[in-house]
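Trainee: Could you have a look at this structure, given as structure tokens, before my questions?
Every read-out reported here was derived from the displayed coordinates using simple, explicitly stated rules and does not represent laboratory data. Everything quoted here is computed from the prediction, not taken from an experiment. No Cβ is skipped: glycine too gets one built from the backbone with ideal geometry, and neighbour counts run over all protein chains shown.
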Amino acid sequence: MVHRILFAVSLSLHMQKMAKTVPIVYVVALLALAIEPRLAPFFPVSSSHVLAEEEPYYIGNRKCRLCHFEYFKEWEKDPHANSFARLGRMKNNPYCLKCHTTGYRGPQGFVTEKITPELRGVQCEACHGPGSRHKDNPYDKGSLPIGRKIDYQRVCIKCHDRNWTPEFDYEKYRKRIEHRIKPSTTEEALSK
């Protein structure tokens, strides 16, 4: 046990050098794993997640709303916003969490309700991709979340498949979640 604690202290000192680029969830998870390896199933991270500085990570829609408030208010009325609450006693079931949270098992994505409550529900980044780069440099076209470059239908059917939503019709359902607010001039310029 002592060698694990020493390893954790050594690891934490090393992590201080990367404090600005390493998501705190990973630092905590790695320290916990260093002290008690049997916790591994509860921390779906690896050192490769921590060391990959350039990998975009999930930031939560509370940060998205700082610049995209109109979209956030619209999302609050959408059923996706409350998808986690609808899980009831299934809130710890990994099979359910992948569709009822944002970024489950992704870089700084949802871990548990206690550790990452800000990523409950299907938020902006569930469709548009991790927003860390965009938050840090919003006017850089290359920093946009990947959602603008991917097929949204493929995103939807990851959860709305034949087992869970047999009546799912992408064109019909897309109209229910489509943003009704026109993008600002800045957003239009970035998306071109």
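Trainee: Once the Cα gyration tensor of region 61-191 is found, what semi-axes does its equivalent ellipsoid get, as square roots of 5 times the eigenvalues, in whole Å, sorted largest first?
Mentor: For region 61-191, the ellipsoid semi-axes come out as 24, 18, 14 Å.
Trainee: Further, regarding this structure: Along the principal axes of its C-alpha atoms, what lengths does region 107-176 span, in descending order and rounded to whole Å?
Mentor: Principal axes ranked by extent give 39, 33, 18 Å for the Cα atoms.
Trainee: Which trypsin sites (Lys or Arg not before Pro) in region 71-104 sit in a loop by DSSP (not H, G, I, E or B) and have at most 13 other Cβ atoms within 10 Å of their own Cβ?
Mentor: Hits after loop and neighbour filter: K77.
Trainee: Among S132, S143, which comes first, then next, by fewest other beta-carbon atoms within 10 Å?
Mentor: Lowest to highest Cβ neighbour count: S143, S132.
Trainee: In debye to the nearest 20, how big a dipole does region 61-191 give about its Cα centre with +1 on each Lys and Arg Cβ and -1 on each Asp and Glu Cβ? Working shown, then result.
Mentor: Details: 26 positive and 17 negative charges, 67 e Å.
So the magnitude is around 320 debye.
Trainee: Once you've got the Cα coordinates, tell me which of K73/K114; K63/K114; K73/K135; K141/K172; K63/K158 are over 23 Å apart.
Mentor: Long pairs (Cα-Cα over 23 Å): K73/K114; K141/K172; K63/K158.
Trainee: Would you order F168, F110, F72 from fewest to most other beta-carbon atoms within 10 Å of each residue's own beta-carbon?
Mentor: Fewest to most other Cβ atoms nearby, the residues stand as F168, F72, F110.
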